[in-house]
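Trainee: Got a structure here, written out as structure tokens. Questions coming.
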Amino acid sequence: MSIEFAEISTGGTFFKPADFQGIDAFLIEVERFTRQVPTNFGPKDTAIATLTCFKGFDGEPSVNPAMQIQQTALAKNLAELVGKATIVKMGQGVAKNGNNPPWIWTPVEPESKAKVIEYVKAREAKIQADVESAPAF
């Protein structure tokens, strides 16, 4: 008998930027945005999104459905994208008042964007082919 072993994801359903450093591109498909969700750390704007993470473009990306993004700058920038997708990288902005610098979304290089778009087109074509080949009941 053969068993395939895998690493446990430490990110859980909450997006933790430190767990996603070094990602070359994120495909973010925003499902929902809610303002001022009560949390243990005070109310936070929250985006719920599927994050497809590309670390290099040779293998399959990792897909993280229903991630809750609550970091102020990251969530705020996704507010107007509900029902849409974006392709970005993650970086850090400028620290203010002695605080840690905020995590921010940054543009990807055109070559990276083209590879992510190629992935999305292939994914959508596969879904369409699967639907067409599904048995009719």
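Trainee: Using the Karplus equation 6.51 cos²θ - 1.76 cosθ + 1.60 (θ = phi - 60°), what ³J(HN,Hα) coupling, rounded to whole Hz, does each residue of region 52-65 give in order, writing x for Gly and Pro?
Mentor: 9, 10, 10, 10, x, 10, 8, x, 6, x, 8, 10, 10, x
Trainee: Let me ask another. Which ³J(HN,Hα) values in Hz, rounded to whole numbers, follow from the phi angles of region 88-103 under the Karplus curve 6.51 cos²θ - 1.76 cosθ + 1.60, where θ = phi - 60° and Gly and Pro get x?
Mentor: 9, 10, 10, x, 10, x, 8, 5, 10, 6, x, 7, 5, x, x, 6
Trainee: Using the Karplus equation 6.51 cos²θ - 1.76 cosθ + 1.60 (θ = phi - 60°), what ³J(HN,Hα) coupling, rounded to whole Hz, does each residue of region 17-26 give in order, writing x for Gly and Pro?
Mentor: Per-residue couplings from phi come out as x, 4, 6, 10, 5, x, 6, 6, 7, 10 Hz.
Trainee: What full-extension length gain, to one decimal in nm, is calculated for Phe41 and Ala73 as 0.36 nm per residue of separation minus the Cα-Cα distance?
Mentor: Stretched out fully, the Phe41 to Ala73 stretch lengthens by 9.9 nm.
Trainee: Any chance you could count the Lys pairs in the chain whose alpha carbons are under 19 Å apart, treating pairs 8 or more apart or on different chains as valid?
Mentor: 19
Trainee: Okay, next question. Using the alpha-carbon atoms, what tilt in degrees (0 to 90, nearest 10) does helix 110-133 show relative to the longest principal axis of the chain?
Mentor: The two axes meet at around 50 degrees.
Trainee: Same structure again: If you take every DSSP beta bridge fully contained in the chain, what fraction is antiparallel? Give it as a percent rounded to 5.
Mentor: Expressed as a percentage, antiparallel bridges in the chain total about 95.
Trainee: Can you give the FRET efficiency to the nearest 0.05 for Val63 and Asn100, using r as the Cβ-Cβ distance and R₀ = 30 Å?
Mentor: E(calc), rounded to 0.05, equals 0.60.
Trainee: While we're on this one: Considering the dipole of the chain built from charges on the beta carbon (Lys and Arg +1, Asp and Glu -1) around the Cα centre, which of Pro135, Ser2, Ala125 is farthest to its positive end?
Mentor: Positive-most Cα among the choices belongs to Ala125.
Taken together, the values in this text are just the output of simple stated rules run on the coordinates, not laboratory data. Just so it is clear, the model here is predicted, and its values are computed rather than measured. Note: ideal-geometry Cβ built from the backbone for every residue, glycine included; neighbour counts use all protein chains shown.
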